[in-house]
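This report concerns only the one structure given below.
Read the figures in this text as sums done on the coordinates, not as results from a lab. In this text the structure is predicted, and so the values were computed from the model without any measurement. When we count neighbours, we look across all protein chains shown, and the Cβ atoms used for this are built from the backbone with ideal geometry, even at glycine.
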Amino acid sequence: MLRDAWLVATKDLQIEWRSRVTFSQVVPFAGLVLVLFGFALDANRPVLLQATSGLFWVTTMFVSTLAVQRSTSIETTDGARRALLLAGIEPPAVFVGKSIAVAVQLLVVEIVLLAGVVVLYSAEVEAWGLVFATCLVATVGIAAAGTLLGALVAGARARETILPILLLPVLAPVLIGATRAFDDALGSVAVDGWSWLGLLAGFGVINVVLGALAYGVLLEET
């Protein structure tokens, strides 16, 4: 299964690399949101620094909807999803592969966002290990949940608007946990970030397992 999942992930990433959608649209959108937040709160610098963690992850949530929509559109174009199944690739492998592709794109955006908050907001990172671990674990949960819900709404006519409505509430635990972990890493709030990271890991495991089990059913329905 891992080999098939890697093939699916590679396919999606190659399509993204050729289209340049992530670099030409998603990354600029994320940067613009970060800049606008900075303009809105720059008059009160202490508030901006305290809100940095939340702004980072709210922006990431917005970006995740774009990445998932793009991932879903790849499979609904020209019967690509059916072609994968006819090729003998099991639905769990398709799910894992597409989740990996979405996660890689989100990690690229998060690197840009992290540089943005350091440069634009003058944020000081006190625990880089916690920052990187939080980004990795949270992104796994986001990508898995997004891929599953993307398959759920794939057949809907208004999937571009339905997906954010479904996805953002589901990602609320990730937003809370990742923000608290970042607060600790940035030293803005005295919390135990590693404990929150454990909760994020649990959420990610649940999403991956649930997605692997349910993805095949959703493919048949859509």
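Details
- Folded to 0 to 90 degrees: helix 193-221 orientation relative to the chain principal axis, Cα: 20 degrees
- Net charge, Tyr121 excluded, C-beta distance under 12 Å - Lys, Arg +1, Asp, Glu -1: -1
- Basic side chains Lys and Arg get +1 at the Cβ, acidic Asp and Glu get -1 at the Cβ, and with that the dipole of the range 2-221 about its Cα centre reaches some 500 debye.
- Prolate/oblate/rounded call for the range 154-222, Cα gyration tensor, a/c under 1.5 rounded: oblate
- The angle between the Cα long axis of helix 159-170 and the longest principal axis of the Cα atoms of the chain comes to about 60 degrees, rounded to the nearest 10.
- Computed lengthening from Ile15 to Trp128, 0.36 nm per intervening residue step minus Cα-Cα distance: 37.5 nm
- Helix 172-186 axis, angle to the chain major axis (alpha carbon atoms, nearest 10°): 40 degrees
- When Rg and the Kirkwood Rh are both derived from Cα coordinates, the Rg/Rh ratio for the range 2-221 amounts to 0.99.
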